[in-house]
Amino acid sequence: MPSPKTGRHGVYRDEFERIGTLKNLKKLLAGARDRRFPVFHAPMSYTETDYTTWKHISGVHHEMFERRLFEEGSWGADFHPDLAPVDGEIVIAPHTNIDVLANTDLEVQMRQHDVEYIAVAGMVGTMCVESTARSCMEHGFHVTTFTDATAAFGGRPAYDAMILRYPLISHATLSVEEFLSAAPSAGS
């Protein structure tokens with residue numbers, strides 16, 4: 001979760017509070033754990049080599065590189081304490097692009113654990129969540145996105161547009177409460 005230490009906290013704070021993003025992410029994670037769903041954590045981090053040697057740097061990378069956001073070993077690359085992995089959960093290789101499936105072991109890990117249905121949530125819905133959901137759908141997974149376990153860069157107008165796009169790139173777009181109410185236990 002962005003904080004004053006990363007320099008991006010103010011950009012998202014109002015939206016996180018309006019939507020209840022952190023509260024809903026915690027509720028979703030607790031519900032997944034209670035139901036014994038496999039949980040995959042997708043950390044983002046960059047090394048000094050990434051910051052200094054990339055040939056083609058996108059706008060999002062310029063932002064992250066200039067501010068040293070998600071720098072390996074820094075506070076910004078740590079898991080939020082309320083959302084940190086516990087024993088038995090899978091932490092995939094850190095991603096350096098906004099599509100987690102594109103350059104990590106996420107797909108291999110999901111296939112190794114017989115995962116067909118995935119629910120994608122996270123802090124910034126218009127970046128990593130949207131890109132990863134789209135890729136997972138294209139790779140044949142059944143994808144659920146959330147209306148309240150994410151937020152958008154750009155405030156309410158960007159959020160509203162994101163929520164309109166989600167049904168085009170996922171099979172279900174639900175609130176955390178709707179998802180947990182409909183989700184059976186892993187053994188069911």
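Some notes on this structure:
- Residues located in the stretch 43-59, provided they are open to solvent by less than 50 Å² (accessible area, probe 1.4 Å) and either touching a helix residue (DSSP H, G or I) at 6+ places or on another chain (Cβ under 7 Å) or not in a helix (DSSP H, G or I) (or both): Pro43, Met44, Ser45, Tyr46, Thr47, Tyr51, Ser58
- Among the residues of the stretch 95-149, not one is at positive phi and among the polar types (S, T, N, Q).
- The condition of being farther than 16 Å from Pro38 by Cα, out of contact with any helix residue (DSSP H, G or I) (no Cβ under 9 Å at 6 or more places or on another chain) and of a type in the set (Gly, Ala, Ser) does not hold for Ser175.
- When residues in the stretch 123-147 are screened for being out of contact with any strand residue (DSSP E or B) (no Cβ under 9 Å at 6 or more places or on another chain) and closer than 20 Å to Asp160 by Cα, 2 of them pass.
- Residue, surrounded by the fewest Cβ atoms within 10 Å (Cβ to Cβ), within the stretch 62-88, restricted to residues that are touching a Lys or Arg at 6+ places or on another chain (Cβ under 8 Å) and modelled with pLDDT of 85 or more: Val86
- Test: residue in the stretch 74-81 that is assigned to a helix (DSSP H, G or I) and within 24 Å of Phe179 (Cβ to Cβ): yes
- Index of the failed condition, Arg35 passing every other in (1) open to solvent by 70 Å² or more (accessible area, probe 1.4 Å); (2) out of contact with any helix residue (DSSP H, G or I) (no Cβ under 6 Å at 6 or more places or on another chain); (3) not hydroxyl-bearing (Ser, Thr, Tyr): (1)
The values are calculated or read from the model by the stated rules, or taken from the named source; none is laboratory data. Note that this is a predicted model, so its numbers are computed, not measured. Heads up, the Cβs are rebuilt from the backbone with ideal geometry, glycines too, and the neighbour counts pull from every protein chain shown. The protein model used for the area step is the full one, side chains on, heavy atoms only, and it has no ligands, DNA or RNA in it. Shrake-Rupley method; radii C 1.70, N 1.55, O 1.52, S 1.80 Å.
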